[in-house]
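Student: I'd like to ask some things about the structure below.
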Amino acid sequence: VQLQAFGGGLVQAGGSLRLSCAASRVIGSINDMGWYRQAPGKQRELVATITSGGYTNYENSVKGRFIISRDNAKNAVNLQMNDLKPEDTAVYYCYMRAGVRAYWGQGTQVTVSS
């Protein structure tokens, strides 16, 4: 199973981007889906997660600006990013967890210019 993430790019501060991630085939019962990001020289950090029941959790700096959603029928997870800031610049990775197995996307670059 491969996760394909897309939607990254270059945007000015205050702009918006929408990231999407889909599995190459049906995984089965997916528990959590989410997004991490890694900026140059920094550790990978959690951005947002969403459970199978729709419960969401966000990193403090993105609360009120980012919205995570999922499409269970398509095994897909999305991240709507609004009011982007230069500190949001990073490679964004999607993941899906089904039981004890975790699947990761290849990463998509988001660059926010000031």
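The values are calculated or read from the model by the stated rules, or taken from the named source; none is laboratory data. Since the model is a prediction, treat every value here as computed from it, not as a measurement. Neighbour counts run over all protein chains shown; Cβ positions are idealised from the backbone, glycine included. The accessibility values were calculated without ligands, DNA or RNA, using every heavy atom of the protein model including side chains. Shrake-Rupley method; radii C 1.70, N 1.55, O 1.52, S 1.80 Å.
Student: Which of the lysines could be linked to Lys63 by a straight reach, that is with a Cα gap under 21 Å, when you skip same-chain ones fewer than 8 residues away?
Tutor: Lys42, Lys85
Student: Can I ask one more? For Arg18, what accessible surface area do you get with a 1.4 Å probe? Give it in Å², rounded to 10.
Tutor: Approximately 120 Å² of Arg18 is accessible to the 1.4 Å probe.
Student: Same structure again: Pick from Gly34, Gly64, Gly53: which is most flexible by mean-square fluctuation in a GNM of the chain where alpha carbon atoms under 10 Å apart are linked?
Tutor: Judging by the Gaussian network model, the answer is Gly53.
Student: Taking every pair of alpha-carbon atoms in the chain, what share in percent sits in each 5 Å bin, from 0 to the bin with the longest distance?
Tutor: 2, 13, 25, 26, 18, 10, 5, 1, 0
Student: Go ahead and set up a Gaussian network model of the chain, Cα springs under 10 Å, then flag whichever of Asp32, Asp88, Asp71 fluctuates most.
Tutor: Of the options given, Asp71 has the highest mean-square fluctuation.
Student: If I take R0 = 25 Å and measure r between the Cβ atoms of Gln43 and Ala102 in this structure, what FRET efficiency does the formula 1/(1 + (r/R0)^6) give, to the nearest 0.05?
Tutor: It comes out at approximately 0.90.
Student: Compute the relative contact order of the chain as a whole-number percentage, counting only Cα pairs closer than 8 Å that sit 6 or more residues apart in sequence.
Tutor: 37
Student: For the peptides 7-13, 89-95, 37-43, what is the packing order when you average, over each peptide's residues, the other Cβ atoms within 10 Å and list the highest mean first?
Tutor: Going by the mean number of other Cβ atoms within 10 Å, highest first, we get 89-95, 7-13, 37-43.
Student: Per 0.36 nm of contour for each residue apart, how much would the distance between Ser113 and Thr51 grow if the chain were fully extended, relative to their Cα-Cα spacing?
Tutor: 19.1 nm
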